[in-house]
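Heads up: the structure comes next, in structure tokens.
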Amino acid sequence: MKVFNKSILLLILIVVLACDITEKPIEKIDRFALVNRHHVYNSGFDSLNSLSVGNGQFAFTVDATGLQTFPDFYEDGVCLGTQSEWGWHSFPNNENYDIRETWQNFNVEERQVPYAVQWKEPKRKQEAANYFRSNPHRLHLGMLGLELIKADKTPATKENIKNCNQKLDVWKGVILSAFEFEKDVVEVQTLCHPKRDLIGVSMQSEKIKKGGLGINLKFPYPTGGHSDNACDWSKPEKHQSEILWQDNESVVLHRKLDTTSYYVKIKWKGKAIFSEKDSHYFVLLPDKENSNFEISVEFCQDNQFAENRDFHTIKDDSEKAWQNFWETGGAVDFSATDDPRAKELERRVILSQYLTRIQSAGSYPPQETGLTYNSWHGKHHLEMHWWHGVHWAYWNRNELLEKSLNYYFKVFEKAKQKAEVQGYEGVRWQKMTDLQGNDSPSDIGEFLIWQQPHIIYYAELIYRQKPNDELLEKYAPLIFETANFMADFARWDETNKRYILGPPLIPAQESLEKEKTVNPPFELAYWSWGLQIAQQWRKRMQLSDNTEWQKVIEDLSEFAQKDGLYLAAESAPDSYENKHYYSDHPMVLGAFGMLPAVNNLDTAIMAATFDYIEKYWNWDRTWGWDYPMAAMCATRLGKPDKAIDLLLKDVKKNTYLKNGHNWQSNRLRIYLPGNGGLLTAVAMMCAGFEGNENQIPGFPKDWKVKWENLNALI
């Protein structure tokens with residue numbers, strides 16, 4: 001009996017201990033505390049640290065006053081932009097240029113293949129190329145600022161603004177600005193509606209009662225420039241700004257620039273006087289009875305404004321949307337890590353989520369500078385869509401990735417025409433393009449091919465998280481026609497009995513020559529992976545394998561190597577002797593960073609290649625997404641110390657400004673592919689990748705990282 005009792009007690013003890021181990025609740029991340037550690041503060045005017053509000057399809061960037069009051073100071077920094085996805089303009093094509101005038105033929109298997117290039121001569125071709133490269137361009141929709149009037153009735157200057165105290169509350173998506181103007185405190189709140197191109201502004205100051213504080217709205221003509229604030233104030237005769245109608249508490253303005261037209265509605269509460277102060281310059285001055293004034297300003301393409309929203313309604317809608325954003329999707333907490341770099345990484349992660357949500361979460365692929373200021377004339381680059389977008393899926397925000405994929409259906413016919421003109425099957429996706437999928441002549445961009453498999457990658461991400469027949473049917477036409485082009489683009493090398501890529505071809509490492517480049521490793525890997533996934537989609541749909549795709553999969557060239565290192569391309573045997581190749585993207589690492597091992601990749605050779613590149617590459621000449629890409633390769637290779645070193649590498653192009661933007665150069669002051677790449681790398685470093693069994697494989701063992709709701713990388 002005693003033995004029985006002891007056995008029972010022992011069994012009970014084992015069960016209790018087991019329950020204590022297995023049922024101990026996992027501590028959730030305190031997301032409110034996490035996000036609120038990383039608000040952004042300004043104590044004065046800083047040309048590189050303007051702040052933005054937005055919703056992914058529209059963004060509004062302000063100076064230290066909370067509005068766009070002194071834009072000139074920010075012109076060479078992070079410009080004060082008001083941009084929407086729909087806001088585009090073209091200068092008149094008075095010379096009747098035709099895109100075919102930009103074509104240059106390249107010999108491919110004894111046939112002539114046209115590409116739209118940048119001509120230096122003759123003059124007509126040069127001008128045609130310049131026209132289509134800069135048109136259409138994205139618009140600055142209007143400069144909304146404070147009308148600050150000094151006691152002597154003259155306009156205020158930036159020097160009249162004292163004791164600035166500004167905060168971007170990233171949890172609520174609101175900018176709170178306070179400053180002194182002639183000893184009066186001015187407080188401004190600025191926010192954006194979560195679904196509309198609608199700004200809400202509240203201002204409070206005794207200066208209102210003195211008649212010294214109001215709102216102004218100024219409209220520029222576009223510059224059409226490559227990288228600038230898109231504001232040409234010297235051509236008032238080239239455009240029109242007129243009052244369409246107004247009543248006691250609202251006004252609608254009509255804007256017309258050549259063939260472009262749009263509308264602006266301003267709504268306020270209480271007595272105020274709205275007037276046209278000068279050409280394209282409107283002023284709203286509130287009555288002197290109150291020290292508070294609130295307005296809403298909405299931009300609309302077609303004068304079909306939705307129901308009015310006052311400031312408080314916009315604020316309520318905005319705060320609810322931002323709280324939902326932060327409380328769903330993935331989260332990573334580095335606060336328990338002693339490494340001093342952890343705090344900075346956490347800051348970058350939080351602010352990158354904020355910036356990509358307001359700049360890169362719309363219905364179209366974003367431009368590289370989002371909706372802040374123009375780069376490459378405001379056009380989006382489809383090869384960069386990977387860096388802008390895939391992190392949404394890895395952070396469990398699939399809907400924000402899928403929202404932009406409808407673009408590929410919209411430009412499908414033009415992509416198909418592009419392939420047909422060049423003599424290929426399927427669709428050839430554009431590179432530097434616009435809402436309609438038009439080509440932009442380029443000596444580099446037109447020869448890139450690594451954007452081609454992107455749509456297969458995106459669709460596969462969406463499907464893996466919610467597999468169903470509807471998704472298969474929806475994306476199959478895009479995937480199959482993309483694969484048809486890829487298989488047809490690969491050329492049979494009869495001598496070596498294999499398929500090759502190029503020429504003409506410029507790989508993602510853009511320092512290689514288009515006329516000579518053959519078999520760059522990342523493109524080979526992506527071709528192999530993309531065609532295999534396309535075959536999987538056929539199997540899922542109960543279709544037989546495509547025999548042409550399978551031939552390419554089975555006989556595609558392997559990665560070229562020399563002295564135990566993978567080369568930048570088979571055509572570049574001097575990849576590691578010629579310093580010319582040490583700049584630009586170290587894209588060979590993408591073949592086992594962005595992608596899993598394919599095409600008979602040898603991880604030992606890749607590890608040796610990684611070590612060489614990490615040590616000798618000219619990292620000052622790389623780009624913002626190269627550091628996360630290299631960190632992803634290090635993670636797959638089991639080098640977590642190197643992963644974190646590269647992700648936080650101390651070089652100029654890996655600088656993250658106070659407002660969270662990734663700085664690149666004096667021309668490219670913000671670079672959102674860097675922010676998106678950072679988020680993708682962190683997801684992988686936490687959640688791992690397919691075939692990985694280690695927990696948090698991308699961080700050193702002494703890093704105490706807490707994460708939740710992230711997905712492993714493909």
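Structure notes:
- Enumeration of residues in segment 96-111 that are in a strand (DSSP E or B), aromatic (Phe, Trp, Tyr) and free of Cβ contacts under 8 Å to residues at least 40 places away in the same chain: TRP103
- Total residues in segment 89-136, condition crowded, with 17+ Cβ neighbours inside 10 Å, farther than 15 Å from GLU446 by Cα and in contact with a Phe, Trp or Tyr (Cβ under 7 Å, 6 or more places away or on another chain): 6
- Verdict on ILE314 being in contact with a Gly (Cβ under 6 Å, 6 or more places away or on another chain), modelled with pLDDT of 95 or more and either loosely packed, with under 15 Cβ neighbours inside 10 Å or of a type in the set (A, V, I, L, M, F, W, C) (or both): yes
- Within segment 272-287, the set of residues being in contact (Cβ under 8 Å) with a residue 24 or more places away in the chain and among the polar types (S, T, N, Q) comprises SER279 only.
- Pairs, first closer than 12 Å to LEU48 by Cβ and without any contact (Cβ under 8 Å) to a residue 24 or more places away in the chain in segment 650-670, second buried (at least 24 other Cβ atoms within 10 Å of the Cβ) and of a type outside the set (Val, Ile, Thr), C-beta under 8 Å, six or more apart: THR655/ASN662
- Any pair with Cβ under 6 angstrom, 6 or more apart, that starts in segment 150-176 at a residue that is within 16 Å of LEU67 (Cβ to Cβ) and ends at one that is among the charged types (D, E, K, R): ALA156/LYS150; LEU176/LYS167
- Any hit, segment 273-281, residues being basic (Lys, Arg), farther than 17 Å from ILE215 by Cβ and in contact with a strand residue (DSSP E or B) (Cβ under 9 Å, 6 or more places away or on another chain): no
- Flag for ASN578 being polar (S, T, N, Q) and within 19 Å of TRP450 (Cα to Cα): no
- Looking only at residues in segment 579-606 that are surrounded by fewer than 18 Cβ atoms within 10 Å (Cβ to Cβ) and within 21 Å of TRP529 (Cα to Cα), the one that is modelled with the lowest pLDDT is ASN600.
- Where ILE644 falls short, out of the listed (1) assigned to a loop (DSSP other than H, G, I, E, B); (2) touching a residue at least 60 places away in the same chain (Cβ under 8 Å): (1)
Listed here are the residues, each with its yes/no results for (1) touching a Gly at 6+ places or on another chain (Cβ under 7 Å); (2) assigned to a strand (DSSP E or B); (3) of a type in the set (Lys, Arg).
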| residue | (1), (2), (3) |
| --- | --- |
| ILE175 | yes, yes, no |
| GLU180 | no, yes, no |
| VAL188 | yes, yes, no |
| LEU191 | yes, yes, no |
| ILE199 | no, yes, no |
| MET203 | no, yes, no |
| GLY214 | no, yes, no |
| HIS226 | no, no, no |
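- Some residue of segment 503-517 being surrounded by 23 or more Cβ atoms within 10 Å (Cβ to Cβ), out of contact with any helix residue (DSSP H, G or I) (no Cβ under 8 Å at 6 or more places or on another chain) and closer than 23 Å to LEU589 by Cβ: yes
- Candidate set: segment 684-694, residues that are within 19 Å of ALA336 (Cα to Cα) and touching a helix residue (DSSP H, G or I) at 6+ places or on another chain (Cβ under 9 Å); chosen: the one surrounded by the fewest Cβ atoms within 10 Å (Cβ to Cβ): ALA687
- Scanning segment 462-491 for residues that are surrounded by fewer than 14 Cβ atoms within 10 Å (Cβ to Cβ) and under 25 Å from THR547 (Cβ atoms) returns ASP469, GLU473, PRO477.
- Residues that are of a type outside the set (Asp, Glu) and closer than 26 Å to GLU127 by Cα number at least 2 in the following helices (runs of 4 or more DSSP H) confined to segment 382-498: 412-421.
The values are calculated or read from the model by the stated rules, or taken from the named source; none is laboratory data. None of the values given here were measured: they were computed from a predicted structure. A quick note on method: Cβ atoms are made from the backbone with ideal geometry, for glycine too, and the neighbour counts reach across all protein chains shown.
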